[in-house]
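One structure is given below, encoded as structure tokens.
Every number in this text was worked out from the coordinates using simple rules, so none of it is lab data. Because the structure is predicted, anything quoted here is derived from the model rather than measured. A quick note on method: Cβ atoms are made from the backbone with ideal geometry, for glycine too, and the neighbour counts reach across all protein chains shown.
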Amino acid sequence: MALFFGRISLFSCLWIIVILFDSSFIPFSISLFAVSFALFCLLSLEKHSIYIYVALSLLSVVHITAVGTDDFFILLYLYFLIVDAAFRLSERQLSGYLCFNLIITVFYSVLVGSYVIEVMILDIFFVILVLSSNRLTAERTELRHMYEQLLGEFRKNKRMHASAERAARLEERTKIARDIHDSVGHRLTALMMKMEILSIQKKEQDYEELKPMAKEALEETREAVRALQNEEIEGIASVVQLIRRLEAESQLMVQFTLKQGVLSISLKNKQSITLYRVIQEALTNAMRHSPYREVQVVLGQSAIGDVTFEIRNRIHKARHLHDGFGLTNMKQRMKEIGGSLHIYQTEQDFVVTGAIPCGVKEKEYHVADTNR
């Protein structure tokens, strides 16, 4: 946007100088300036640019032949068009447009009857400068396209790798669960049936006492099998999976830090979901509102055993904070589990911090919630 306004400003200044110092009939020059300005703005559409540049040059020819004086300000305008075209036209189009404009400059110098040699030398200089700039621009554009293609392939491969890893992990868990069910589960079932037969035949109290123990062991085995077959990830692991997915699917670069002791904290299901959703919303806001793609996520443990988190991303400049749907939802989720959430910004960073009660505060919160 800044480059666009810079080009527009320079274009307008050149025309104003032409109108003031190189025009014998200012109203006609202003009309040509208005038409040229409209055409120059159309260049931003990047459609039929070569024809627009030719039309702008022809308007300068009209100005030269109709109301031009002996000044060379119109030549500066033509050289400006050549330099601007070097960054927008292909090499073939630029070569044709360059020849067309150079013919106009030589024609104008011959028309005024002076500086013919100087103009031709200047034309040669511009030919070398503009063609070199155009070649460098084309190479940079090609490199950018190659980078975008490689980045797309990298993301695709990373997603495929993550999917394959997840499928392999799920397959291995299913195999282990099946083996436990087929071997240990069946043997425990057979053991219970044998103990039932023995308790009927022998009428001894020991068999009656062993039956609940075997039944409990069977139930624990079945719970272990169900847990292995369940692919849902909870707790800190869900946050790690979230960050891996966002890095694979976007250009977000996350610096993830786990402080000492946080991995040993046991989170309940609702706490895990809240932590996941709050960090997810904070990372989504960073992608949506920040021009930077670097985010710092820190998970730690407070002195009383609570899970603390901090999500920090750079911003261009501080702006007024207002609670949108996302921030309101984050605060509501933290309030439901008795946690705390603080959102603030510095001159360079937007920060989301909070704590999820897992220690003394959690017990106090549940006692207070029960007494209501």
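Each row is one residue, and each column tells you yes or no for (1) of a type outside the set (Val, Ile, Thr); (2) in contact with a Gly (Cβ under 9 Å, 6 or more places away or on another chain); (3) closer than 24 Å to Leu246 by Cβ.
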{"site": "Ile265", "(1), (2), (3)": "no, yes, yes"}
{"site": "Leu275", "(1), (2), (3)": "yes, yes, yes"}
{"site": "Thr353", "(1), (2), (3)": "no, no, yes"}
{"site": "Cys358", "(1), (2), (3)": "yes, yes, no"}
- Task: Specify the residue that is nearest to Pro357 (Cα to Cα); the eligible residues are those in segment 312-342 that are in contact with a Leu (Cβ under 7 Å, 6 or more places away or on another chain) and touching a residue at least 24 places away in the same chain (Cβ under 8 Å).
- Result: Met334
- Item | Boolean, Ser133 is surrounded by 11 or more Cβ atoms within 10 Å (Cβ to Cβ) and in contact with a Phe, Trp or Tyr (Cβ under 6 Å, 6 or more places away or on another chain) | no
- Note on the structure: Checked segment 251-307 for anything among the basic types (Lys, Arg), surrounded by 14 or more Cβ atoms within 10 Å (Cβ to Cβ) and outside any helix (DSSP H, G or I); matches are Lys268, Arg293
- Query: Take the residues of segment 11-35 that are under 38 Å from the mean Cα position of the chain (by Cα) and surrounded by 14 or more Cβ atoms within 10 Å (Cβ to Cβ): which is farthest from Phe80 (Cα to Cα)?
  - Reply: Ser12
- Residue in segment 338-351 that is in a loop (DSSP other than H, G, I, E, B) and of a type in the set (A, V, I, L, M) present: no
